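Q: The structure's right below; bear with me while I get my questions together.
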Amino acid sequence: MTVTVSVLALAAGLVGFFADPLHLPDAVLDVLDKRASVLSLFVGIAGLAVAGAGLLAQLRQQAPPSSNAPAVPSVSSGPGSPVVGGAMSGGMVVGQVSGGTVTGPGGATAGGDRAVAVAGDLTTGMLITGDGATITTTAEARPPLPPVGAVEPPATGLTGLPRRPPEVFVGRREQLEQLETVLGSGPGVITQTVVGLGGIGKSELALQYAHQNRDAYRLVWWITADTPERIQAGLAELGRALCAGVASSAAAQAPAEEAEAWALAWLAAHDDWLVVFDNAEDAEDLQPYLGRLRTGHVLVTSRRAVGWRDVGEVLRLEVLPRAEAVELLLEVIGTETVIDRATAEELAAELGELPLALKQAGAYIAATPGMDPAAYLDLLRTTPARALSADPRHDTATDRVVTRVWQVTCARIERIDPRAMRLLRILACYAPDDLPCEVLTGFEDADAAAIADALGILASYSMINRSPDGRAVSVHRLVQAVTLATLPDDARTAARTAAAGLLQAALPDDPEHISSWPAYTRLLPHAQAVLDAGSDAMNTVLVHLNASGDYRTARTLQHRRYIALNHALGSEHPKTLGAQANLAFFTGRAGDAAGARDQFAALLPVFERVVGPKHPGTLIVQIHLVAVTEEAGDAAGARDRYAALVPVAERVLGPEHPETLAARANLASWTGQMGNAAGARDQLTALLPVFEQVMGPKHPETLTARANLASWTGQMGNAAGARDQLTALLPVFEQVMGPKHPETLTARGNLASWTGNAGDAAGARDQLTALLPVFEQVMGPKHPGTLMARAGLAFWTGKAGDVAGARDRYAALVPVLERALGPERPGTLTARANLAAVTGETGDAAGARDQYEALLPVFERVMGPKHPDTLAARASLARWTKEAEERL
């Protein structure tokens, strides 16, 4: 039928094609054209009908059987051609048909005309040729795995470790001993989990233990356990490895599930084995396996620190001690590079003693020409992302480079709780240690529970450490560096801004009251890390530092503040000038009177030009310049300068202004220093009620005035009275300012001195012996207050009977005083005079005479010829001159 229609269509077309070239009449052509059109129409309809019938037949032949009807076998469209119904996986089709039977590989046979045979695994569907053909398979059976009791490891043991341990392994001796103790503690399955930050050395510790103790086990096997699928694959591989020498074919053909189950059954039936599950993500992934074991040892490592208590003992791995960190760094670098140990120690500290970072840095230094610890340290500080990504091996393994190790962890945290990663970016801006959790209040307007959840997730991956009471968090400094270094600039700026806002909100309201000082002390490192130096919040911190007496830190931060304001506002802006004056003030309070003097001297003309000579700020600069000038060693005229300034201060600032009162107190002090103890006592007696009225009876300035009054009372000859006044006053100092405030320490030093002057030299010596280390800790070993405490200890050591000991102390102290304070400061001159005295008392009258001869002219020039100390030096010179002559 199809052929007939096609011939007719072809004939009609040919007529139309040749009609015109034959030059037929137009009438004939018109008739032929009309008849051809009609014929074409009928031919097209017939063609469509034939095509539709063929398509319908094919659809009926190929349609799958209905779920509610018996399967219809596939049929071939030609003799001997095979047809596949469904999907075939892993087999082969052969088409050699002979006598109605086909024989294929693997013992498969098919009977019937046009049959096919399948060898292999036909997972779905069917194969059939011809009408009514049938298929029968007799596939060769897979050999079974052997009984677990029939398989033993080789006599030499079976070890499946990922690699040999590195040759350089420093420290961790205590942790290795702990593993040996726990894993050897008794019968039954014993599980030890090692947790800690990525890069802390958990896998290295496990590898070292497994390698060192491999002879104690018949089986040692390592399984990467970061996903359930890899755990199953590792156990299946263990099963195949155990069966390899007994039933290799069965082991090779066993599905993963069957090999895994067989391995667990083997472990449950044997002992003397160690299995390491490395980098496990979740304890729940291992519980189904551990619950089926009865003997043997399991060692788990994990970055997550939660959920392991129910599994077994937990060992939390911390960073290396400093000495071991330096040793590891130097061992990795090797002996070919000359290393400055101090620089190596600095680099180890900057790397936070993290083993992976130390190894990475050492390998990079060793392999990079021109690189040394100093250069790497600079790289780490300027471009931490580059330093912590540097790998001389160009290895893409995630366990060799710090940044890639933590990128994996951060990606997991991001999937669990995106807020936790945003919180980590905020935490990376603060100082590494001991951030109070209350600072995070208000983060993204989240409630306390949400913040606690985010912190819990970070802690579970050891990206942060929580304090034992859970109220503070710490972040490893490299985690901070990597976290910030991987952020775009705008995201890093946003994180720092948010961190500063949270910290500012956490600062207590009253920075000068002692009740707020513990909070400020705890927040100080974080304020230094995130607050802008020129901000109001930083100024609040400086107010606290001044009130609490931490002048050294205040000087450092005030210098940063001055630089920031100078850059932002200009050198002559009022805020910049105020910051510069405060810097000079803190410089003097920190013990550098000469430096403060020079700063105030340079600043005074600027104040006079910018704000005017009669401006209160200018007057305050003048007052402080006089104070530090006298402290720097120019004692002559101090009383007269203060006497001239006090009336001006009363007129410009007011008689009760704190600066006016301070100037009056300093006038009284220098009046006494110039030999008029009675005048000093009388001035302070009149001044004290004003301090109490204006500033309060327990204000620090009031307490200092009371302590000075007690000392001048003693100088008037009432040593016992001075001692008793200071004894009563000291607890108030400690209550108001704390036991380690510089003013409290000064009061304690004065109490020791007047205790000795009241007749108890040994008591004075003992008090100063206990006090001196506190001075050195709080104020520094070269602070004037510390040096005066040393001088007092030397003096009372001699008065208590140890003259030679006093001489040695003074001999060591005088050169320090001359360098630190100046050779003509009153304190230095007094120490020189006391050294001369104890030199004579130890039997060297000539030495004492010579020292006094050199000293007397200086006393006369600095203190004046009629000053009590000058008169005492003249009398001592006469005494020792006479004794030296008598001993000739």
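The values are calculated or read from the model by the stated rules, or taken from the named source; none is laboratory data. Keep in mind it's a predicted model, so treat the numbers as computed, not measured. Here Cβ is always computed from backbone atoms with ideal geometry, including for glycine, and neighbour counts include all displayed protein chains. Calculation scope for accessible area: heavy atoms of the full protein, side chains included, ligands and nucleic acids excluded. Shrake-Rupley method; radii C 1.70, N 1.55, O 1.52, S 1.80 Å.
Q: So how many residues does the stretch 260-274 have that are open to solvent by 10 Å² or more (accessible area, probe 1.4 Å) and of a type in the set (A, V, I, L, M, F, W, C)?
A: Selection size over the stretch 260-274: 5.
Q: Please determine, by comparing only the residues of the stretch 790-813 that are touching a Lys or Arg at 6+ places or on another chain (Cβ under 6 Å) and assigned to a helix (DSSP H, G or I), which one is surrounded by the fewest Cβ atoms within 10 Å (Cβ to Cβ).
A: Here is the first cut: in the stretch 790-813, the ones touching a Lys or Arg at 6+ places or on another chain (Cβ under 6 Å) are 794, 796-797, 800, 813.
With the extra rule that they be assigned to a helix (DSSP H, G or I), the set shrinks to 794, 796-797, 813.
Working: Ala794: 27, Trp796: 26, Thr797: 25, Leu813: 20.
Only one residue tops the list, namely Leu813.
Q: Please go through the stretch 814-825 and pick out each residue that is buried (at least 18 other Cβ atoms within 10 Å of the Cβ), basic (Lys, Arg) and assigned to a helix (DSSP H, G or I).
A: Matches in the stretch 814-825: none.
Q: Also: Being buried (at least 21 other Cβ atoms within 10 Å of the Cβ) and either closer than 21 Å to Gly307 by Cα or among the aliphatic types (A, V, I, L, M) (or both): is that true of Ile457 here? So that I can check it myself, show each step before the final result.
A: Numbers: buried (at least 21 other Cβ atoms within 10 Å of the Cβ): yes; either closer than 21 Å to Gly307 by Cα or among the aliphatic types (A, V, I, L, M) (or both): yes.
Judged against the criteria, Ile457 is a match.
Q: Still on this structure, I have one more. Scan the helices (runs of 4 or more DSSP H) fully inside the stretch 640-738 and keep the ones with 2 or more residues being free of Cβ contacts under 8 Å to residues at least 24 places away in the same chain and surrounded by fewer than 19 Cβ atoms within 10 Å (Cβ to Cβ).
A: On the way: elements: 658-673, 677-695, 700-715, 719-737.
Of the helices (runs of 4 or more DSSP H) lying wholly inside the stretch 640-738, those with at least 2 residues that are free of Cβ contacts under 8 Å to residues at least 24 places away in the same chain and surrounded by fewer than 19 Cβ atoms within 10 Å (Cβ to Cβ) span 677-695, 719-737.
Condition check ((1) open to solvent by less than 20 Å² (accessible area, probe 1.4 Å); (2) acidic (Asp, Glu); (3) at negative phi) across all residues:
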| position | (1), (2), (3) |
| --- | --- |
| Gly534 | yes, no, yes |
| Asp550 | no, yes, yes |
| Ala554 | yes, no, yes |
| Tyr562 | no, no, yes |
| Ala579 | yes, no, yes |
| Phe585 | no, no, yes |
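Q: Does Ala505 meet the test of being crowded, with 18+ Cβ neighbours inside 10 Å, farther than 25 Å from Met779 by Cα and under 28 Å from the mean Cα position of the chain (by Cα)?
A: The answer is no for Ala505.
Conditions (1) within 19 Å of Leu484 (Cα to Cα); (2) over 20 Å from the mean Cα position of the chain (by Cα); (3) free of Cβ contacts under 8 Å to residues at least 60 places away in the same chain; (4) surrounded by fewer than 23 Cβ atoms within 10 Å (Cβ to Cβ), marked per residue:
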residue: Glu331; (1), (2), (3), (4): no, yes, no, yes
residue: Gln360; (1), (2), (3), (4): no, no, yes, no
residue: Tyr364; (1), (2), (3), (4): no, yes, yes, yes
residue: Arg381; (1), (2), (3), (4): yes, no, yes, yes
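Q: Let me ask something else. Collect the residues in the stretch 408-444 that are acidic (Asp, Glu) and either under 16 Å from Gly198 (Cβ atoms) or within 15 Å of the chain's Cα centre (by Cα) (or both), keeping them in residue-number order.
A: Of everything in the stretch 408-444, those that are acidic (Asp, Glu) and either under 16 Å from Gly198 (Cβ atoms) or within 15 Å of the chain's Cα centre (by Cα) (or both) turn out to be Glu414, Asp433, Asp434.
Q: Residue by residue through the stretch 766-789, note down the ones that are assigned to a loop (DSSP other than H, G, I, E, B) and in contact (Cβ under 8 Å) with a residue 40 or more places away in the chain.
A: Hits for the stretch 766-789 are Gly780, Lys782, His783.
Per-residue answers, yes or no, for (1) of a type in the set (A, V, I, L, M, F, W, C); (2) closer than 20 Å to Gln715 by Cα; (3) surrounded by fewer than 18 Cβ atoms within 10 Å (Cβ to Cβ):
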| site | (1), (2), (3) |
| --- | --- |
| Met779 | yes, no, no |
| Gly827 | no, yes, yes |
| Gly847 | no, no, yes |
| Ala872 | yes, yes, yes |
| Ala884 | yes, no, yes |
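Q: Also, quick follow-up: If you check Ala472 against the conditions, is it farther than 26 Å from Leu317 by Cα and open to solvent by less than 10 Å² (accessible area, probe 1.4 Å)?
A: Numbers: farther than 26 Å from Leu317 by Cα: no; open to solvent by less than 10 Å² (accessible area, probe 1.4 Å): yes.
Spelling it out, it is not the case that Ala472 is farther than 26 Å from Leu317 by Cα and open to solvent by less than 10 Å² (accessible area, probe 1.4 Å).
Q: Test Gln504 against the criterion of being over 24 Å from Val611 (Cβ atoms) and among the polar types (S, T, N, Q), and give yes or no.
A: yes
Q: Of the conditions (1) at pLDDT 90 or above; (2) within 13 Å of Met421 (Cα to Cα); (3) open to solvent by 10 Å² or more (accessible area, probe 1.4 Å), Thr486 fails just one. Which one is it?
A: Checking Thr486 against (1) at pLDDT 90 or above; (2) within 13 Å of Met421 (Cα to Cα); (3) open to solvent by 10 Å² or more (accessible area, probe 1.4 Å), the one that fails is (1).
Q: To continue, here is another question. Checking Ser462 against (1) at pLDDT below 90; (2) open to solvent by 10 Å² or more (accessible area, probe 1.4 Å); (3) not in a helix (DSSP H, G or I); (4) not charged (D, E, K, R), only one condition comes out false. Which one?
A: Answer for Ser462: the failing condition is (2).
Q: A further question on this structure: Does at least one position in the stretch 289-301 carry a residue that is in contact (Cβ under 8 Å) with a residue 60 or more places away in the chain, open to solvent by 30 Å² or more (accessible area, probe 1.4 Å) and among the hydroxyl-bearing types (Ser, Thr, Tyr)?
A: Yes: one or more hits.
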